[in-house]
Each structure stands twice: as structure tokens, then as C-alpha cells.
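A short worksheet on the structure shown next.
What follows draws every value from the coordinates through simple rules; no lab data is involved. Keep in mind that this is a model prediction, so the values were computed, not measured. Counting neighbours? That spans all protein chains shown, and the Cβs are built from the backbone with ideal geometry, glycine included.
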């Protein structure tokens with residue numbers, strides 16, 4: 001089995017996210033990191049490999065992004081991927097979800113994976129849909145929010161999180177699975193793995209290498225265009241009830257709730 | 001760290017992220033309990049070993065990670081994230097003072113018997129130098145080893161030994177001549193076993209509660225010939241060889257602890273209101289926090305500079321001594337300020353800061369006291 005894991009470089013969780021009004025794109029300057037949700041997808045791939053139910057020949061981390069995204073790939077291979085593919089081309093910059101999904105699918109076609117894994121969302125765009133778009137282009141079945149996965153020869157038995165509980169779904173391979181963060185606890189890379197990451201093969205490719213139709217990608221060719229953003233309305237200040245006399249405090253809280261017909 | 005700070009590179013920051021995540025997931029949630037238990041479980045060493053953290057600077061041929069002192073420096077700083085000085089101390093004693101002499105001066109056989117299992121977390125190490133009658137004055141050690149057939153017989157007492165009760169082996173400084181002193185002291189690797197003539201008792205301390213700090217008594221303890229570490233009567237060279245690293249490790253630990261304490265206290269000052277505004281809105285508190293941030297920065301710069309010189313192969317006795325002297329006192333003073341800003345809450349056990357203040361008090365004493373640091377500087381500066 002060959003597993004490809006889609007990964008993404010995102011602004012560090014500690015960085016406040018904002019749209020750059022001049023470009024309409026997310027401001028991705030500042031400290032960056034590997035999308036934390038993708039670490040669960042890599043861990044899921046590693047657990048399939050180490051579980052031994054099916055032989056896994058290779059785990060390949062795949063990303064699309066600027067030069068700096070190489071650091072996210074290094075982190076991905078330090079977590080266990082065997083090698084990585086980096087699609088980087090000015091032509092794909094600013095692509096919306098549909099265009100990004102198309103470009104990633106073209107990149108994945110070069111690899112012919114049996115299974116494509118990715119995190120349920122990116123920590124920046126948070127669209128949750130890349131997996132489905134990629135699957136559509138690859139003509140593969142797709143599942144989202146998967147929190148348990150068992151390999152059964154040419155199929156997967158998955159549990160996916162739903163609002164009403166869990167679905168158990170059997171899915172034929174090849175398939176695209178986006179995993180929820182409840183699926184596992186990702187490992188932390190050892191120093192040896194970190195030092196070894198830079199030595200693992202990294203295949204840097206352009207849009208032409210992936211046979212991407214340039215008229216379908218990039219900011220200008222994306223169907224979705226950012227128009228404007230506004231800050232959420234400021235919340236009214238809450239009311240603080242000081243607890244000087246507990247009996248009185250309780251009465252005040254009950255009166256407050258009662259007034260609003262909450263009890 | 002938001003930006004790279006020399007001597008650390010991208011690789012070290014990646015390691016830092018990994019170690020921090022591991023510590024915050026595996027150690028920090030238990031720190032409070034371990035402090036109350038006055039002990040952390042031996043299994044912690046196994047967990048650290050599985051993550052490769054007991055052998056960062058040791059060669060892969062001994063089961064290490066093949067890194068160097070800079071990688072180890074990241075661990076020293078991040079261990080402060082446990083929030084328990086005692087836990088950090090127990091781990092630090094194993095990786096920073098007990099195993100380095102074996103790595104540097106041990107025979108191949110000693111490395112196989114002690115370093116390899118220590119890196120795997122199967123054998124826990126301690127360094128035994130201090131005695132009831134000899135602390136900074138190392139030449140006054142009185143624990144003696146007498147030559148017998150096939151080895152030595154050790155008698156005497158060591159105290160304030162970190163990991164003293166749980167240690168499987170104690171790298172012990174002993175008199176091997178009648179006079180002892182600089183030319184008559186040797187290191188023996190004393191292995192614990194049945195009827196070994198060793199009794200240990202745990203000590204109650206102001207801080208470092210989770211640390212196993214002990215008095216160790218040797219009564220006719222036999223140590224085999226092959227457990228002499230380094231040259232006979234040559235312990236001083238071994239002791240001196242690791243002092244610089246030990247003091248750098250302490251400085252790094254202080255910098256790590258100061259950084260976290262400052263961050264938490266600044267957040268507290270933003271959240272806590274008094275007289276209708278946040279504490280940080282009061283000039284007295286704001287200025288205090290500004291001074292504290294400056295202190296953290298100064299300590300970090302001095303420590304990183306000494307570290308950079310150390311890894312570059314210089315003999316930075318002056319810089320390391322200054323970093324140790326500066327950071328340990330500054331850390332204690334900063335914790336005291338953090339406690340002050342927390343007011344009454346800071347004096348309560350349920351807040352982290354009272355522990356941080358108690359834990360930091362050892363800094364100006366251990367690993368060479370402030371007074372000794374100043375004496376070294378007096379000599380180095382030609383005074």
C-alpha cells in the first residue's frame with residue numbers, strides 16, 4: 001500500500017489570524033508551523049504502517065505552497081513520512097479551495113496512491129472540504145471526520161463522527177480520508193528523526209510537472225473571490241456579581257436568570 | 001521563542017517544539033501530584049528514554065540520539081515547563097552530572113554497563129560528591145576507599161545527593177590516599193545491589209519537593225576494580241571537566257523557568273483587576289514587569305553567549321561562571337516579584353508561584369554557590 005498524506009504550512013496557532021485587505025488573502029507572514037490537524041493524518045498513516053495488517057511500502061507527504069512550506073514537509077517527514085513532494089509555482093498562488101483541490105489532485109495522480117489522508121481542516125482557512133474536492137478529481141470515494149480506521153485488505157472500515165453519534169462505513173480503496181483530531185495522539189519526533197528529516201528525498205515540482213491546467217488555478221482563475229471582511233460586533237460588557245455574601249450572590253444570580261426566563 | 005536566537009538553529013527550534021509538547025503532555029499534568037508525593041515515579045525515566053531524551057548528546061552507538069550539547073541545552077531549558085523544579089532536577093542529575101563522566105572517562109565496559117542502560121532509562125544515575133563536612137570545599141572529602149583484593153571497600157557518607165535513594169549507580173568521589181585532597185581522590189561507580197552496605201534516607205527540603213534528595217551511607221561497601229572511573233587519584237580532573245556544563249545547564253534551567261514565570265505573571269496582571277483596572281494598568285506593576293522582562297532577557301543573553309562559546313570549544317570559565325552567578329540569583333528574585341504581584345494568592349499552595357519561588361532558592365547554592373562563583377571570578381579577573 002502507498003499512502004499519501006496532504007499537509008499544509010499554516011500560521012502558528014499563537015499568531016492572530018487576519019485577512020490582508022490589499023490582497024484579500026490571509027496574512028501568512030510571521031511564525032509558521034505544520035498544520036496541527038495534519039499531524040493526526042501522518043500519525044494515522046504511521047499506525048497503519050506499524051500495525052502490520054497490510055504492508056505499507058511508502059508514506060509520502062504532499063504539499064502545495066511557497067518555498068517556506070519546505071519546513072512543514074521537514075516536520076512531516078520527521079513524524080515518519082518516507083519522502084515528500086512539494087508543488088510550488090507562482091501560477092497556483094492564491095488558489096481558492098476548488099482550485100487548490102484540483103492542483104493537489106493533479107500532484108497526487110503522479111503518485112498513484114492507494115490511500116490519501118489529510119487532517120479534517122487547516123488551522124488557517126478552516127474550509128474542511130479539500131479532501132472532498134481532491135476525491136472528486138481523483139474519482140475516489142471520500143470520508144470526512146474519521147476517528148477510527150481499520151484496514152481490511154482492499155477496503156477500510158471507518159468510524160466517522162456525526163452530530164448524532166458515529167457512522168460505521170466501509171470504503172473501498174483507493175480512497176481519500178480526512179481524519180478528525182480524536183483519531184489519535186500524534187507522536188513527537190525524536191532528535192534523530194528531526195536530524196534525519198532533511199536527508200529524506202524531497203521532490204520539488206512545478207505546475208507544469210504536475211500537468212496542471214494553468215487556466216484553472218491561481219487567484220485570478222478562482223471562482224471564489226474575496227470581497228470584504230468586517231470585524232464581528234463587539235460584545236456588550238458582561239455583568240460581574242461580586243461574591244461578598246454567598247446567600248445574596250445566589251439570589252442575584254437566580255433573579256438574573258429568572259428575568260431572562262432562563263429558569 | 002518567536003524568532004531564532006543564536007546559537008540555536010531551525011533544527012533546535014523544531015526539537016524545542018517536540019520536547020515542549022512531550023513535556024506538557026507527559027510530565028506537567030502530573031507535576032502537582034509528584035510534588036505532593038515528594039517523589040516522581042521511576043517510569044518517568046523510561047518515558048523520557050523512549051522519546052530519546054536521556055541520550056540527546058550521546059552517540060548512536062550507545063543508544064543516544066547523536067546530537068550535541070546544544071540539543072541537550074534545549075532540553076535543559078524546556079524541563080522548566082514541568083513546573084516542578086524537583087522533577088527537572090531528578091532528570092537533570094541523571095543526564096547532566098551522573099552520566100557525562102562515564103561517557104567522557106569511562107572504559108568501554110563501563111559505558112556498556114552504565115551509560116547504555118542509563119540512556120535506555122533502565123538504570124538511574126546519581127553523582128555523589130557532597131558530604132556533611134565537605135560541600136564547596138571538595139578537597140575536604142572524607143569518604144574513603146581502601147584497597148582490598150579485587151577492588152575497594154568504601155566507608156563514609158554523602159549528602160544532598162539528587163536521585164540518591166532511587167539510583168542504581170552512584171558516581172562517587174572517594175579518598176584513595178591517606179591525605180585525600182586534590183591528588184588523592186578518585187571516582188568509583190558504586191552499583192546498588194543486595195547487601196551492598198549502603199543505606200539511604202530521603203531529605204525534606206524547602207523546595208524541589210518531587211526530587212529524591214538523599215543522604216547515602218557506605219558501610220564496608222565493596223566496589224570492584226573495574227569500577228574505577230578515570231585514573232586513580234584523578235577525580236579532580238573529572239569533577240572540573242563537567243563543572244562548566246553543569247553550571248550552563250543550571251543557567252539554562254533558570255532562563256526557562258524565568259520565561260514561563262514572567263509570561264504567567266504578565267497574564268495574571270492583565271487579567272486581575274484592582275481599583276477598577278487591570279494590575280498591569282498600574283504603573284508600579286507595569287514597571288516591575290518591564291524590569292522583570294529585562295532581567296529574563298539579560299539572563300538569556302549571558303547564558304546563550306556562554307553556551308555558544310562552550311560549544312565552539314572555547315574554555316569560557318569566566319562567561320559560564322558569570323552566567324551561573326547572574327541567572328540563579330536573578331531567577332530567585334524574579335520568582336519573588338512574581339509572588340508579590342500575585343498578592344495573597346501567591347502565598348497559597350494552589351498557585352504555581354509559591355512553588356516556583358521555593359524551587360528557585362536552590363540556584364544560588366547548588367552547582368557551586370554564589371560565593372564560590374565570585375571567588376572563581378576574582379581569580380579569573382586577576383584580583
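Note the angle between two axes, namely the Cα long axis of helix B:370-380 and the longest principal axis of the Cα atoms of chain B, as a number of degrees from 0 to 90, rounded to the nearest 10.
The angle comes out at about 80 degrees.
With label points built 7 Å along Cα→Cβ from the Cα atoms of residue A:111 and residue B:270, find their separation and express it in nm.
My value for the distance between the label points is 3.8 nm.
What's the exposure ranking of B:190, A:151, going from fewest to most Cβ atoms within 10 Å?
A:151, B:190
To test your reading of the geometry: what angle, between 0 and 90 degrees and rounded to tens, separates the Cα axis of helix A:36-51 from the longest principal axis of chain A?
On a 0 to 90 degree scale, this one is about 50.
Please rank B:136, A:88, B:61, fewest neighbouring Cβ atoms within 10 Å first, as an exposure proxy.
B:61, B:136, A:88
Using the Cα atoms of the protein assembly as shown, I'd like the radius of gyration and the largest Cα-Cα distance, Dmax, both in angstrom.
29.1, 91
Using only the Cα atoms of region B:10-124, build the gyration tensor, take square roots of its eigenvalues as a ≥ b ≥ c, and label the shape rounded, prolate or oblate: rounded if a/c is under 1.5, else prolate if a/b is larger than b/c, else oblate.
oblate
Quick check: Cα centre of region B:314-361 to Cα centre of region B:13-35, how many Å?
Here the answer is 20 Å between Cα centres.
Would you kindly state how much longer the chain becomes between residue B:350 and residue B:108 on full extension, computed as 0.36 nm times their sequence separation minus their alpha carbon distance, in nm to one decimal?
82.3 nm
Within 10 Å of each Cβ in A:24-31, how many Cβ atoms from other chains are there, averaged over the peptide? Don't jump to the answer; show the numbers that get you there.
Numbers: counts 0, 0, 0, 0, 0, 0, 1, 4.
Whole-number average of other-chain Cβ neighbours for A:24-31 is 1.
At a Förster radius of 30 Å, what calculated FRET efficiency corresponds to the Cβ-Cβ distance of residue B:203 and residue B:308, to the nearest 0.05?
0.25
For chain B, build the convex hull from the C-alpha positions and give me its volume per residue in Å³.
Convex hull volume per residue, Cα atoms: 136 Å³.
Taking the Cα-to-Cβ direction at residue B:241 and at residue B:140 and moving 7 Å from each Cα, how far apart do the two end points lie in nm?
2.7 nm
Just to confirm my numbers, what's the Cα centroid distance between region B:121-198 and region A:81-104 in Å?
62 Å
Between residue A:83 and residue A:231, what is the label-to-label distance in nm when each label sits 7 Å out along the Cα-to-Cβ direction?
4.9 nm
For B:7-17, what's the mean count of beta carbons from other chains sitting within 10 Å of each residue's beta carbon?
4
How compact is chain A by the rule of thumb for globular proteins, expressed as Cα Rg over 2.2 N^0.38 Å?
Ratio of Rg to 2.2 N^0.38 Å for chain A: 1.21.
Mind checking A:181-190 for the average number of partner chain beta-carbons within 10 Å of each residue's beta-carbon? Could the numbers behind the result be given before it?
Details: counts 0, 0, 0, 0, 1, 1, 4, 13, 9, 12.
Taking the mean over all residues of the peptide, I get 4.
Report the antiparallel proportion of the DSSP beta bridges in the protein assembly as shown as a percent, rounded to a multiple of 5.
Close to 60 percent.
Between residue A:14 and residue B:26, what FRET efficiency follows from the Cβ-Cβ distance if R0 is 22 Å, with the result rounded to 0.05?
Working: r = 21 Å, r/R0 = 0.98.
FRET efficiency, residue A:14 to residue B:26: 0.55.
Taking 0.36 nm per residue of separation and subtracting the Cα-Cα distance, what length does fully extending residue A:54 through residue A:215 add?
The span from residue A:54 to residue A:215 would gain 54.0 nm if fully extended.
By the gyration tensor of its Cα atoms, with a ≥ b ≥ c the square roots of the eigenvalues, what is the shape of region B:287-365: rounded for a/c under 1.5, prolate for a/b over b/c, or oblate?
prolate
From the P(r) of region B:126-236, can you give the percent of Cα pairs sitting at distances over 24 Å?
The proportion of pairs with Cα distances above 24 Å equals 18 percent.
Mind ranking B:339-351, A:106-118 by how tightly packed they are, going by the mean number of other C-beta atoms within 10 angstrom, highest first?
A:106-118, B:339-351
Going by how many other beta carbons lie within 10 Å of each one, how would you line up B:159, B:87, B:294, fewest first?
Details: B:159 19, B:87 25, B:294 10.
Least crowded to most crowded, the residues run B:294, B:159, B:87.
If you line up the long axis of helix B:10-26 against the longest principal axis of chain B, both from Cα atoms, how many degrees apart are they, to the nearest 10?
Computed tilt is about 90 degrees.
Based on the inverse mean of 1/r over its pairs of different Cα atoms, what is the Kirkwood hydrodynamic radius of region B:241-380, in Å?
15.7 Å
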